[in-house]
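S.K.: First the structure, which I've put down as structure tokens, then a few questions once you've had a look.
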Amino acid sequence: MVARCSSSQPKAAADSLGLAACRSQRFIILRAGRLEVISSKTLVLGSHNQKKVVELRSLLEPLGYQLLSLDEVPGSIEVEETGKTFIENARLKASQQAIHLQQWTIGEDSGLCVPGLDGQPGVYSARYSDPGATDQRNNEKLLVELNRRSPLKRQAYYVSTIALSNPDGQIVLEAEGRCWGRILDQYRGQGGFGYDPLFEIMEYHQTFAELSSTVKNILSHRGRALRLFIQQLKRLS
């Protein structure tokens with residue numbers, strides 16, 4: 001069974017890079033596999049990223065789900081992110097970890113894409129500057145690359161993909177969300193992580209790092225993807 005949530009995003013809305021663009025559902029697709037019941041309210045997130053865990057947990061816990069990070073699950077494995085797309089990586093994280101742990105597992109992959117940089121950093125967002133990258137080094141490289149180009153090339157979008165695997169390694173749910181904005185030429189804000197201090201939501205005139213967690217959860221790519229994911233998750237609960 002395939003469920004799609006889609007509406008067109010007028011060019012003017014995309015060009016404005018504002019709240020309207022964040023709310024557009026043009027880029028969001030949900031897919032439900034064979035219908036089955038999730039017997040557990042405990043889900044594993046295939047990630048060691050504690051900031052990502054906190055963000056996802058805040059959205060899942062009100063629905064009665066307990067979310068565990070890999071640091072809280074004995075015997076987890078490291079899954080190589082060899083996919084060429086975000087959704088391929090999300091599927092890998094979910095299915096391989098689920099088979100190994102024999103638990104329902106969520107795989108999430110996300111990043112920043114800048115059309116003016118041919119889609120970079122893309123799937124390499126976490127290691128854009130080098131294999132052992134930090135947020136600061138990634139941000140510095142992004143600024144260097146954009147400073148070589150026209151100021152009109154600073155349009156960007158965040159993308160988040162989520163996949164849920166059953167213990168047999170079958171992907172039963174997928175969701176994707178995007179949020180458009182622009183990359184500033186200087187850091188603003190102390191919250192968030194990754195490229196958040198540089199990513200501005202135009203109509204808010206604030207970066208993700210300046211927004212409260214409540215507002216960010218509403219506007220963000222990850223929040224949008226997870227809300228659509230949850231719509232389908234409720235059908236399996």
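Laboratory data are not the source of any read-out in this text; all were calculated from the coordinates shown. Since we're looking at a predicted model, the values are computed, not measured. Backbone-built Cβ (ideal geometry, glycine too); neighbour counts: all protein chains shown.
S.K.: Over the stretch 43-96, one equal point on each Cα, no solvent: what is log10 I(q)/I(0) by the Debye formula at q = 0.13, 0.18, 0.24, 0.31 Å⁻¹?
M.R.: For the requested q values the scattering log ratios are -0.34, -0.63, -0.99, -1.20.
S.K.: Too long at a 26 Å Cα-Cα cut-off: which of 51/93; 41/93; 93/153; 52/93? Can you show the working numbers first?
M.R.: Values: 51/93 17 Å; 41/93 19 Å; 93/153 32 Å; 52/93 14 Å.
Violating the 26 Å Cα-Cα cut-off are 93/153.
S.K.: Further question on the same structure: Between the DSSP loop rule and a limit of at most 11 other Cβ atoms within 10 Å, which trypsin sites (Lys or Arg not before Pro) in the stretch 73-112 are left? Show your work: numbers first, answer last.
M.R.: Details: sites: 84, 91, 93; in loops: 84.
Listed in order of number, the matching sites are 84.
S.K.: Can you work out the Karplus-derived ³J(HN,Hα) for every residue in the stretch 185-197? Use 6.51 cos²θ - 1.76 cosθ + 1.60 with θ = phi - 60°, whole Hz, and x for glycine or proline.
M.R.: Once rounded to whole Hz, the list reads 9, 8, 6, 9, x, 10, x, x, 7, x, 8, 3, x.
S.K.: Can you put 47, 213 in order of Cβ neighbours within 10 angstrom, beginning with the fewest?
M.R.: Details: 47 21, 213 14.
So the ranking, lowest neighbour count to highest, is 213, 47.
S.K.: Taking the Cα of residue 218, stepping 7 Å toward and past its beta carbon, and measuring to each backbone N in the stretch 172-207: which are under 17 Å?
M.R.: Under 17 Å, as judged by backbone N against the label point of residue 218, lie 179-180, 201-207 of the stretch 172-207.
S.K.: Answer rounded, prolate or oblate for the stretch 133-211, using the Cα gyration tensor with square roots of eigenvalues a ≥ b ≥ c: rounded when a/c is under 1.5, else prolate when a/b is larger than b/c, else oblate.
M.R.: On the way: a/c = 2.19, a/b = 2.04, b/c = 1.07.
It comes out prolate by the Cα gyration axes.
S.K.: Which ³J(HN,Hα) values, rounded to whole Hz and listed in residue order, are derived for the stretch 163-178 from phi using the Karplus coefficients 6.51, -1.76 and 1.60 in 6.51 cos²θ - 1.76 cosθ + 1.60 with θ = phi - 60°, glycine and proline given as x?
M.R.: Listing the rounded values in order: 10, 10, 10, 7, x, 8, x, 8, 7, 10, 9, 9, 8, 9, x, 10 Hz.
S.K.: Using 0.36 nm per residue, how much length does the chain from residue 153 to residue 231 gain when fully extended, once their Cα-Cα distance is taken away?
M.R.: Working: separation 78, 0.36 × 78 = 28.08 nm, distance 3.52 nm.
Full-extension gain reported as 24.6 nm.
S.K.: To continue, here is another question. What does the highest-first list of 221-232, 116-127, 178-189, 67-78 look like by mean Cβ count within 10 Å? Working shown, then result.
M.R.: Details: 221-232: 21.9, 116-127: 17.0, 178-189: 18.7, 67-78: 14.7.
The densest-packed peptide leads the list: 221-232, 178-189, 116-127, 67-78.
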